[in-house]
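The values are calculated or read from the model by the stated rules, or taken from the named source; none is laboratory data. Owing to the predicted nature of the structure, the values given are computational and were not obtained by experimental measurement. Here the Cβ is made from the backbone with ideal geometry for all residues, glycine too, and neighbour counts use every protein chain on show.
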Amino acid sequence: MRRLLIGIVVLLVLLGAAVVALPFLIPTGPLVARLEQAVEQRTGRDFTVAGPVSVSVLPVLAVTAEDVRFAGFQGGDDLLRLGRLDLRLRLWPLLSGDIQVDRFVLVEPRIVLETDARGRANWDLAAPQGTPAPQAAGDAGSPRSGSPQSGATVQELALGDVEVVDGTLIYRDAAAGTERVVQDLDASVTLAALDEPLAVEATLSLDGRPLRLSASAAPARAVVAGGSADIQASVEAAGTALTLGGTLARPADGSAPRLEGPVQVTAESLPDLLAWLAGGAPPALPVQSLRLAGTLQATPQRVALGGFDLAADDIAAKGDIAVALGGARPAVRGSVAVARLDLDRLLPPPPAAEPTPVPATPPAGQPPAAGATADPGWSREPVDLSALRLADADLTVQLAGVLVSGVEAGPTRLGLTLDNGRLAATLGETALFGGSVRGAARIDGRAATPGWQVDATVAGMQAEPVLTRFAGFKRLTGASDVELALKAAGASPHDIMGSLDGRASMVFRDGAIKGINIANMVRAVTGGAAEGPQQTDFAELGASFAIARGVARTDDLRLLAPLLRVQGGGTVALQDRQVDLRIVPRLVASIEGQGAGRTDPSGLSVPILVRGSFTDLSFTPDLAGIARETLRDPKAAKEALKDLKGTLKGATEGVKPEDAVRGALEGLLGGRKPEQAPQAKPPQGQ
């Protein structure tokens with residue numbers, strides 16, 4: 001017995017001596033060299049541990065390494081550079097499969113993620129071709145007897161002191177010429193056991209702006225091994241906050257995890273936030289503040305925000321929206337209800353219109369005068385439709401009302417469908433500018449030659465605010481009715497106009513042409529006094545067009561006004577922006593023109609040819625037409641002039657009828673003088 005006791009004591013002493021001496025007997029140099037070689041063989045990158053390495057066994061299994069480097073691009077920064085690694089695992093629990101981290105600290109880690117000009121990433125660690133991954137002895141393609149199987153899981157895990165101290169993360173994109181920098185990263189992880197909460201806290205600086213992160217999951221086992229965990233997360237930066245709560249479910253069968261819970265985002269300055277996240281200058285946005293709250297549902301294949309409530313300054317919206325991520329492109333679906341919008345506040349004001357002098361049209365056969373403005377024509381630059389192929393969409397937007405240029409638009413419904421580059425938009429009937437508008441538009445951006453289609457109906461819309469707001473034209477008033485059914489195919493505006501087919505009609509009723517008063521012009525002939533404003537009232541102004549291959553034809557151009565009736569027809573070549581019209585104004589012996597439903601076939605007619613480009617029209621009397629009409633019925637022409645003069649009480653000299661007609665055309669066309677228009681002689685005494 002005595003010998004047995006002595007033997008046991010001697011064995012314990014030897015074991016204790018071995019444990020104490022073991023760290024000094026472990027050849028760390030060769031072990032580190034083998035580790036560096038193995039990493040290099042598997043990744044094709046240099047891996048070095050330049051500082052000292054120490055290993056101890058009791059009371060914990062501890063490994064400390066300093067100055068660890070893992071290479072990035074050849075000749076560039078290291079992908080990973082670590083000041084010191086300190087890992088300590090409790091030894092006895094480890095022998096039974098219970099991992100208890102006593103200490104895990106990364107001191108001054110520096111990670112540099114780079115993509116070069118060709119898009120290659122320095123974190124792409126694919127082994128060089130022809131370099132087989134090293135196999136451990138006895139590994140011949142099948143697991144060795146007694147080795148852990150692929151389905152093994154950690155039974156228990158406890159984290160003690162787990163920290164990142166003074167970390168740096170840099171992301172560089174050589175193609176875009178951008179760099180983002182995370183500095184002063186300090187993080188800690190707390191986990192007493194898998195059945196206890198997991199908590200993560202971090203502070204950092206992103207491009208100079210402090211940021212605080214906080215997250216927790218309880219119990220932690222659901223995150224590691226599957227199950228359901230209650231989660232809380234928050235992100236806080238200057239003027240910005242995001243909070244998320246709810247449930248994280250990880251099914252035990254390995255199916256996709258699911259996150260669901262309330263989310264809230266607030267931003268005091270949305271432009272500054274977007275500039276910070278994008279790493280650029282603040283964008284010009286019509287809103288400053290943002291507040292969003294809703295219920296988030298997220299899986300790897302789908303993200304949805306249900307019952308959301310959005311407030312951006314004074315804009316309010318509610319609805320549901322979801323994005324599917326599993327297809328060839330993201331697919332957005334949802335419905336949104338938006339409160340009244342003040343577009344005058346959101347949109348930039350239209351530029352102030354500066355009067356541009358228009359040179360007089362030279363007589364036929366003469367070259368344009370020096371300095372004459374040439375028609376620039378339609379742009380031949382292709383319209384960029386690439387954005388239509390970035391995502392699919394099926395959206396419905398309900399608007400409670402819109403304020404545009406001081407005019408209220410009523411409630412409306414807008415539908416948007418986007419499918420692999422094909423866009424379809426529908427606008428429900430909307431009260432606008434005193435009338436209503438509805439329509440649909442389609443763009444097919446999938447083919448090399450895009451297709452375009454527009455169908456629209458306008459009823460009773462006031463022309464003046466529309467033309468003033470969107471075209472800067474202030475000379476026409478009246479209630480307008482417009483019908484459009486157009487389609488085209490082309491990559492540029494020039495090609496679109498050249499392929500345009502369809503029909504169009506427009507009628508303006510009970511309006512006026514501002515800037516010219518035909519009645520006053522005629523009164524000047526008789527020596528009477530001017531009365532009323534400088535405008536020519538009309539009962540109707542309109543035309544219908546048949547459009548084929550970019551050429552619009554009309555034979556019912558008409559104007560019904562006091563003392564004046566106009567009929568006409570001709571063509572407008574839309575692609576070449578050329579006009580070829582013949583209009584026949586008739587001065588009639590009546591100033592009652594309002595309310596007429598048809599033109600008056602009687603009266604003195606002076607046919608006018610309207611020709612030229614959109615920016616350089618010429619107006620010349622059709623002398624051949626006048627001669628033909630006079631020769632056909634000279635008595636009728638004489639009687640019409642006689643009746644006109646009688647109605648105006650004895651006109652004897654002054655403005656010719658042609659000049660009155662040209663004056664009316666001048667007012668209609670924004671002040672341009674017809675070619676060679678004679679100057680009116682003022683009545684005696686004026």
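General remarks:
- Sole exception among (1) among the β-branched types (V, I, T); (2) in a strand (DSSP E or B); (3) surrounded by fewer than 17 Cβ atoms within 10 Å (Cβ to Cβ) for V336, by number: (3)
- Scanning region 408-431 for residues that are buried (at least 17 other Cβ atoms within 10 Å of the Cβ) and of a type in the set (V, I, T), we see that the one that is farthest from V332 (Cα to Cα) is T430.
- With respect to the conditions (1) at pLDDT 85 or above; (2) in contact with a Lys or Arg (Cβ under 8 Å, 6 or more places away or on another chain), G279 lacks only one, and its number is (1).
- Here region 206-218 is the region considered, the condition is being modelled with pLDDT of 90 or more and out of contact with any helix residue (DSSP H, G or I) (no Cβ under 8 Å at 6 or more places or on another chain), and the residue that is surrounded by the most Cβ atoms within 10 Å (Cβ to Cβ) is L211.
- Output for region 219-230, where each listed residue is crowded, with 17+ Cβ neighbours inside 10 Å and over 40 Å from the mean Cα position of the chain (by Cα): P219, A220, R221
- For region 405-420, the candidate set comprises residues that are of a type outside the set (G, A, S) and not in a strand (DSSP E or B); within that set, the residue that is farthest from F433 (Cα to Cα) is N420.
- Residues that are under 38 Å from the mean Cα position of the chain (by Cα) and surrounded by 15 or more Cβ atoms within 10 Å (Cβ to Cβ), drawn from region 184-199: L185, A187
- Qualifying residue in region 386-404 (condition: at pLDDT below 80 and either surrounded by 15 or more Cβ atoms within 10 Å (Cβ to Cβ) or at positive phi (or both)): yes
- Condition broken by T28, with the remaining ones in (1) loosely packed, with under 15 Cβ neighbours inside 10 Å; (2) at pLDDT below 75 satisfied: (1)
- When each of A459, A440 is tested for being within 20 Å of A479 (Cα to Cα) and either touching a residue at least 40 places away in the same chain (Cβ under 8 Å) or touching a strand residue (DSSP E or B) at 6+ places or on another chain (Cβ under 6 Å) (or both), the lone residue that passes is A459.
- Members of region 306-330 that are assigned to a strand (DSSP E or B) and surrounded by fewer than 14 Cβ atoms within 10 Å (Cβ to Cβ): G307, D309
- Filter pass, A447 being surrounded by fewer than 18 Cβ atoms within 10 Å (Cβ to Cβ), without any contact (Cβ under 8 Å) to a residue 12 or more places away in the chain, out of contact with any Cys (no Cβ under 8 Å at 6 or more places or on another chain) and small (G, A, S): yes
- Flag for A199 being in a loop (DSSP other than H, G, I, E, B) and either under 29 Å from T295 (Cβ atoms) or out of contact with any Leu (no Cβ under 7 Å at 6 or more places or on another chain) (or both): no
- One residue alone among D116, D139, D195 is within 30 Å of Q232 (Cα to Cα) and modelled with pLDDT under 90, and that residue is D195.
- Residue match in region 265-276 (condition: within 28 Å of S188 (Cβ to Cβ), surrounded by fewer than 17 Cβ atoms within 10 Å (Cβ to Cβ) and β-branched (V, I, T)): yes
- Pick from region 322-361, criterion of a type in the set (V, I, T) and closer than 30 Å to D392 by Cβ, ranking: modelled with the lowest pLDDT: V338
- Set V437, V397, V402: member being among the β-branched types (V, I, T) and under 18 Å from A463 (Cβ atoms): V437
- Considering A409, A424, the condition of being within 21 Å of V458 (Cβ to Cβ) and modelled with pLDDT of 95 or more is satisfied by A424 alone.
- Which listed residue is of a type in the set (F, W, Y), in the same structural domain as D166 (by TED's automatic domain parsing) and farther than 19 Å from L106 by Cα, from F73, F47: F73
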